[in-house]
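The values are calculated or read from the model by the stated rules, or taken from the named source; none is laboratory data. Everything numeric here is computed off the predicted structure, so don't read it as measured data. Glycine also receives a Cβ, built like all others from the backbone with ideal geometry; neighbour counts cover every protein chain displayed.
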């Protein structure tokens, strides 16, 4: 399958009018959900996931990726309009974008964000195709030992790079792995930790993952009653500024796009990490670095382009290798599993239309954003003003009904809510819900590939770990684990020394 | 983050790790597939071991920080918004209410359970205003029904109103 086939497939999918509706619905839902502070990409995915069950696999992928494009744009709107970052990646947008907004350069701030998001998303979709097509062609070299290395690396990367405590990250992953084991042993076919028939089919992975990632966060938000507030509802829509005022944004936008695509592909790094790195790089190359932090359009452009480009970056390993890189890609792969597709390096080779649908979701939603995004920006002020408590309750009800609708089983909903309760405590006490969710999905496959691989290599560790790709992946995983442990030890030591030396 | 609750949670995870290993040794059948030397008990042992070591170490670090009056360090816990009162009982009440809603969905039925859920949840979250209640408790369940039933083709249970609606 070549790049031409992928693009041809994406264009072919446009012949189905349903895809247009799906792209439009996904992009608009994404902008609205993203504009609500507290609802990031993971929660937005979690709310819409049950709906994908009624769609075909490629339609579900297009819907979720169109949502991701909308969320990346929507997340930055409260940051620019009222200085409230919707996600960690939008913190720098809130600093520079809101500063621009406050000194009367509203049109410049919103136009910079709008153009950088569009450019970052559009160009990174091209990088995505260039990266995934060769990756999927390598699928045949991933035998069980290589698959084990891949799954292990994915899990360790998320643990080391997302949480601040490696101990708690490992504990969270172990808990998720245990939950993933409940049901039938993949080799012997005998039950494990399954006292009755409800457990023998295994706990529903969709319900578990939505519970841990989305419901846990919603429950946590129920602790407090407050509104985000916005006092700009009476303001007129700013005019789009002349392009000469935006001349300086092209270089930082390119930096943001490249950094966002590559950093987004690293498990655990995500849009937040990409945005920060892109911001730093743009400052280094800028002729006016003193503006950064005080209303710099270059900083804003780099940040926005990186966040949008990370959407494409993070699905490179997710679709190319079947390895989720974040909570939202865990949900993306869960949506595919709902359709009976097994995540893994063979996924694209066996279902090539998924790749075309992914490209269509990214590019199609970007085109829709280009048409509606400017007008949507000011309309989103109303969304920010929605009663936060009402939004959270409606979101919970949608999850209950949505999860119920998958198999019409109350047990699945109870599993989801139980996972949500566990997720509440995990979030409150620093145990990574992303690591747990990833482990739930990956653990049966990790174990199966390990046991099958060991049988394949006659239980000879030298033969198992001596395979070049397996060795490389396991070495990288070990290095990441050591990095995480060393970083945590150093942080704790610095903190103790700071306390011992007392205040200056 | 309450250090006492933190330690208790860590110890619960240690107990879960011990239970995983113990229950696995007692209940998992082994030795049925030729060549599978690792067997079905190996992964539970590894997982249980990781939980015991990591959660146990986490508990010890927290106890040590507290006993030496040192800050526990940033473990990445999600913090509440500053200067706004937080209520764990409110969150637990919503958890319980949502669970009751899930159970009632099948028994009592969607048309009765959903408006009731919204009514009680919004009241618990201090939402006031008759128009909000009218829209959320009446109009929204209808809109949700139309989306799920008509657009997605999902049958939502009528429950007690089955004789009336069918």
Quick one: in segment B:1-11, of everything that is at the interface with chain A (Cβ under 9 Å from one of its Cβ atoms) and assigned to a helix (DSSP H, G or I), which residue is farthest from residue B:41 (Cα to Cα)?
B:5
With respect to residue A:422, is the statement that it is at the interface with another protein chain (Cβ under 7 Å from one of its Cβ atoms) and either surrounded by fewer than 22 Cβ atoms within 10 Å (Cβ to Cβ) or modelled with pLDDT of 85 or more (or both) true?
no
In the set A:91, A:132, A:108, A:32, which member is surrounded by fewer than 24 Cβ atoms within 10 Å (Cβ to Cβ), at negative phi and modelled with pLDDT under 85?
A:91
Anything in segment B:73-115 that is more than 8 Å from every other protein chain (Cβ to nearest Cβ), over 19 Å from the mean Cα position of the chain (by Cα), crowded, with 17+ Cβ neighbours inside 10 Å and not in a loop (DSSP other than H, G, I, E, B)? List them, or say none.
B:111, B:112, B:113, B:115
Scan segment A:431-450 residue by residue and report those that are within 9 Å of chain B (Cβ to nearest Cβ), farther than 17 Å from residue A:183 by Cα and surrounded by 24 or more Cβ atoms within 10 Å (Cβ to Cβ).
A:431, A:432
Please tell me if residue A:301 is in a helix (DSSP H, G or I), under 16 Å from residue A:90 (Cβ atoms) and at pLDDT 85 or above.
yes
Mind listing whichever residues of segment A:96-153 are within 24 Å of residue A:467 (Cα to Cα) and outside any helix (DSSP H, G or I)?
A:138, A:142, A:143
Test: residue B:124 is surrounded by 15 or more Cβ atoms within 10 Å (Cβ to Cβ), free of Cβ contacts under 8 Å to residues at least 24 places away in the same chain, more than 30 Å from residue A:22 (Cβ to Cβ) and more than 7 Å from chain A (Cβ to nearest Cβ):
no
Would a scan of segment A:380-388 turn up a residue that is outside any helix (DSSP H, G or I), more than 14 Å from chain B (Cβ to nearest Cβ) and surrounded by fewer than 20 Cβ atoms within 10 Å (Cβ to Cβ)?
no
Selection count where residues are at pLDDT 85 or above, within 11 Å of chain A (Cβ to nearest Cβ) and assigned to a helix (DSSP H, G or I), scope segment B:140-166
5
Which one of A:369, A:396 is in contact with a helix residue (DSSP H, G or I) (Cβ under 9 Å, 6 or more places away or on another chain), more than 10 Å from chain B (Cβ to nearest Cβ), crowded, with 23+ Cβ neighbours inside 10 Å and in a helix (DSSP H, G or I)?
A:369
